[in-house]
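Accompanying notes for the structure given below.
The values are calculated or read from the model by the stated rules, or taken from the named source; none is laboratory data. None of these values were measured; they are calculated from a predicted model. Virtual Cβ from ideal backbone geometry, glycine too; neighbours counted across all protein chains shown. We work out accessible area using only protein heavy atoms, side chains counted, and drop any ligands, DNA or RNA first. Shrake-Rupley method; radii C 1.70, N 1.55, O 1.52, S 1.80 Å.
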Amino acid sequence: MKNSRQEAESWEVEGKKLLLHHLDKVYWPGGESGADPGSKSWTKGDMCKYYREVASSLLPYLRNRPVTLRVFPEGIHGFNYYRRSMPDQAPDWIQWTPYEAETRERTLHLPLLQDLASLLWFADKAAIELHLWGASLPDLSRPDLAIFDLDVEKGVSPNRVGEAALCLRELLEEEGREGYVKTSGGDGMHVFVPLDGHQTFDEVRDWVKSLGGILEKRHPKLMALARGKTHKGDRVTVDYAQNSMGRNTAAPYTLRARPGAPVSTPLLWKEVEAGGLVPGDFNIATVPSRLQKMGDPWKGLGFNAKG
């Protein structure tokens, strides 16, 4: 009898034939702490099927935007690494863009996941998590997103994070800006603010930091600006460091390498207002049906200001 993990399954994707390997390998063991005690195990095959199902909602957020991939060859508890440049064995139909990193002596070929075939090719290489840049082509030095990372220590009530997100929304409205909220896939939330791509990363980071400082002064028992160690007891930390050249943040609809296979999921503000959100409820099993039922809450909201 052949070991099924030595076999590959052929998928026809957008006119390309992909060989996906070891689809029965467990990436998320079931019944772990941090997930529903009765949760099932999820395999590499489940991951590939998830990305195929949500691709029409996910891919618009990656278009013309470099992606850093977090790779877990043995599943979420095994060795992992971040892939920032194209592997040598990548097929020539996967697009990329050159980037001269200040900390490296060579040019990086930043992956661009422009289509489902590219997404699934990297999924086959065990890329569980997708992290996007705050800038898109043609100018990666000018961000078209400001990113507010609302972070907490494990065990802090999700309602506190939601309350902090609503405080941030109020301040953004005073600034004449609109924010779009999503779960981080962990215990926090992310708020993305579309920009026109005219500012530098330094200018955007300073603006996000200044708003974090205002929130800390207005809501000292609820919120704190990140300084050194990002978490401040049960306060929600506003981390502004993601607004830097080459830094990246969990993409909308990316899976996360955490127990229960959670998903970083875009929300409606009325869902945050209602309270009672449980981050683990947004996961590999529930998000595809959520999209079928209600569509993408961020669709058509001008996410990519540079078009």
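A few comments on the model shown:
- Residues in the range 56-79 that are among the hydrophobic types (A, V, I, L, M, F, W, C), within 20 Å of THR286 (Cβ to Cβ) and more than 14 Å from the chain's Cα centre (by Cα): ILE76 alone.
- Output for the range 243-255, where each listed residue is open to solvent by less than 30 Å² (accessible area, probe 1.4 Å) and under 26 Å from PHE201 (Cα atoms): ASN243, SER244, GLY246, ASN248, THR249, ALA250, ALA251, PRO252, TYR253, THR254
- Between SER56, SER39, SER4, the distinction of being at pLDDT 95 or above and hydroxyl-bearing (Ser, Thr, Tyr) belongs to SER56 only.
- Strands (runs of 3 or more DSSP E) fully within the range 168-277 counting 1 or more residues that are closer than 20 Å to THR68 by Cβ: 180-183, 189-194, 236-239, 248-250
- Subset of the range 278-297 that is β-branched (Val, Ile, Thr), at pLDDT 95 or above and part of a loop (DSSP other than H, G, I, E, B) - its residue that is most open to solvent (accessible area, probe 1.4 Å): THR286
- The criterion of being out of contact with any helix residue (DSSP H, G or I) (no Cβ under 9 Å at 6 or more places or on another chain) and of a type in the set (Gly, Ala, Ser) holds for ALA101.
- Index of the failed condition, THR68 passing every other in (1) open to solvent by 20 Å² or more (accessible area, probe 1.4 Å); (2) within 28 Å of ASP202 (Cβ to Cβ); (3) touching a residue at least 12 places away in the same chain (Cβ under 8 Å); (4) not hydrophobic (A, V, I, L, M, F, W, C): (1)
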